[in-house]
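Before any comments, here is the structure.
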Amino acid sequence: MSLCSHEEIERIFNVSSASDYLLKIRADATVDHVRICRVFRRRMADAGENWCFNGYFDTGPFDNYVKHLADEDYTAAKELTAGFVFCNKPNGQIEKTEFGNIITISESLRYFLYFMNLAILDHGDAEVPQDVRSAAIKIAIRTMLQSEALDFDLDPRGEIPKQVHDNVQLHTDRQLEFIVGHEFAHHFLGHLNDANLIEGTYLSVRELGEKTHKFFSYAQQDELDADITAIERPVYTPDMRADLVNRALFFFVYLHIYQGVKDQISPSMGRAKSHPDPIDRFHHMYNHFKDSVELDEENLKSLLELSDIYKESLVEDVALNFESYEFYGSIYLAQWRGKVLIDRVDF
Ligand SMILES: [Zn+2]
């Protein structure tokens, strides 16, 4: 059995549409990256006869976002090619190709959100010990830094109780919907412009060598506009809108924590940023919606306080254990680690 079917291989060698292009990006990333290749081999084995490479990527957050768009937007969104890929920038991207614009969201961003949610959220009656939360936040940060191996399918880093996992997954998917919306918003607002073309790389240079694709960089105001449009454009009930604003605000706080650690590791002095600081995105969104959407102010206030506490302790940890952020490999969920799995023996 091979990773791609005959038909898929044909399409990869004769790219003639945006969906062929997306398939090729996915396949290139997979075969060039040892760990991702192993993840897929396991997925193939689990799927057996029903295996379909391109069909394996989750479409949930895309479908869930698009289905709430009004007629014209819905049609425009359906015409765009959009999907998950494994790529080095744990982010959403909109890329211009000769076949049209393609939206891609990195699966590594999903893992970042997953472990951040595990670390930060209240999981109801389920108790998540502090050492597990601290380890989870470090896994999330290392995923963004591209030092954490992307083999969570094979080695989930510990045994997470089902109730907690389900809760974390639910929040992660909803946050991803906002990120999908943000990328669609760039398209709806006509932000795509040749003058904004920049180069980016898929996957970690560390393991892959240079592989360049073209991406767009947007003015920071465009980013702020895209944040708002992502939430205003779909037809939502007031509750759903409040919910998505809340998810987006949590996402910005997570990025804010990451930014603090990253600045400590490699200060970005003078470097032009395509995105505004996450905390500015937080305040911009909060101020925009605070009078029209019901937000839990107390909860948001304690989220900000908590983020400062985490940021401070992570910055301290970087000073003391710098190496633990840089080495490529895996770290584990402290007392939830469970049975120690041995690389290439157990998975
Ligand atoms: Zn953007």
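From the list 174, 142, exactly one residue is surrounded by 23 or more Cβ atoms within 10 Å (Cβ to Cβ), of a type in the set (Lys, Arg) and in the same structural domain as residue 313 (by TED's automatic domain parsing). Which is it? Lay out the reasoning, then the answer.
Values: 174 fails: surrounded by 23 or more Cβ atoms within 10 Å (Cβ to Cβ).
Checking each option against the conditions leaves just 142.
Got a number for residues in region 206-223 being within 16 Å of the ligand (Cβ to nearest atom), surrounded by fewer than 18 Cβ atoms within 10 Å (Cβ to Cβ) and either modelled with pLDDT of 80 or more or more than 21 Å from residue 97 (Cα to Cα) (or both)?
Matching residues across region 206-223 total 2.
Limited to region 140-184, what total is found for residues that are in a helix (DSSP H, G or I) and hydrophobic (A, V, I, L, M, F, W, C)?
Residues in region 140-184 being in a helix (DSSP H, G or I) and hydrophobic (A, V, I, L, M, F, W, C): 11 in total.
Residues to consider are 154, 113, 150, 118; find the one that is assigned by TED's automatic domain parsing to the domain that holds residue 180 and closer than 17 Å to residue 309 by Cα.
Going through 154, 113, 150, 118 in turn, the sole match is 118.
Can you confirm whether residue 137 is in contact with a strand residue (DSSP E or B) (Cβ under 9 Å, 6 or more places away or on another chain), crowded, with 18+ Cβ neighbours inside 10 Å and assigned to a helix (DSSP H, G or I)?
Taking the combined requirement at face value, the residue does not satisfy it.
Could you please let me know if residue 108 is among the hydroxyl-bearing types (Ser, Thr, Tyr) and surrounded by fewer than 21 Cβ atoms within 10 Å (Cβ to Cβ)? Steps first, please.
Working: among the hydroxyl-bearing types (Ser, Thr, Tyr): yes; surrounded by fewer than 21 Cβ atoms within 10 Å (Cβ to Cβ): no.
Taking the combined requirement at face value, the residue does not satisfy it.
Can you tell me which residue among 296, 280, 317 is acidic (Asp, Glu), within 20 Å of residue 244 (Cβ to Cβ), surrounded by 11 or more Cβ atoms within 10 Å (Cβ to Cβ) and away from the ligand (no atom under 16 Å from the Cβ)? Reasoning before the result, please.
On the way: 280 fails: away from the ligand (no atom under 16 Å from the Cβ); 317 fails: within 20 Å of residue 244 (Cβ to Cβ).
Going through 296, 280, 317 in turn, the sole match is 296.
The values are calculated or read from the model by the stated rules, or taken from the named source; none is laboratory data. Keep in mind that this is a model prediction, so the values were computed, not measured. Reconstructed Cβ throughout: ideal geometry from the backbone, glycine too, with neighbour counts over all protein chains shown.
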